[in-house]
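Beneath this line is the structure, given in structure tokens, with notes to follow.
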Amino acid sequence: MFKTNEYFDGNVKSIAFTSKDCPATIGVMAKGEYAFGTGSIEVMTITSGELSVKLPGETDWKKFKAFESFKVEKGVTFHVKADSDTTYLCLYK
């Protein structure tokens, strides 16, 4: 069965599943700014909308559009800004 997750007062929701190669979530986040911590390496692909992302150690925000991906290392916090509702696929390596 699938596990559902809800964060930031319901502004971010995801459904966890096991992909062919690794655990994964597919989710949606409402317009806003969020900080996420990682327990494993994560590869996030935007599936609709776009996110501005500030990765650990970076001073600048980088924008990722639909079908673009970024990687986040294990044990860090990264920041995202969604200007509108945005969907994503996250693979946990």
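Bear in mind that the values in this text are calculations on the coordinates, not laboratory data. Source: prediction; values computed, not measured. Note: ideal-geometry Cβ built from the backbone for every residue, glycine included; neighbour counts use all protein chains shown.
Note on D83/I41: beta-carbon distance plugged into 1/(1 + (r/R0)^6) with R0 of 25 Å gives a FRET efficiency of 0.40. The listed peptides 6-14, 75-83, ordered by packing as a protection proxy, come out as 75-83, 6-14 (highest mean of other Cβ atoms within 10 Å first). Only one residue of T25, S52, A82 has its Cα farthest out toward the positive end of the dipole of the chain, where Lys and Arg carry +1 and Asp and Glu -1 on Cβ, and that residue is T25.
For a quick check, take a GNM of the chain with Cα springs below 10 Å and name the residue from G37, G27, G57 with the largest mean-square fluctuation. Result for the chain, Cα springs under 10 Å: G57 fluctuates most.
In this Cβ point-charge picture (+1 for Lys and Arg, -1 for Asp and Glu), the chain has a dipole of about 200 debye about its Cα centre.
Springs between Cα atoms under 10 Å define the GNM used for the chain, and in it the highest mean-square fluctuation of I15, I46, I26 occurs at I15. Between W61 and K3, the distance separating the two model label sites (each 7 Å from Cα on the Cα→Cβ line) works out to 3.1 nm. One entry in [x] 26, 14, 9; [y] 19, 16, 13; [z] 42, 12, 11 is semi-axes √(5λ) of the Cα gyration tensor in Å calculated from the shown coordinates; its label is [y].
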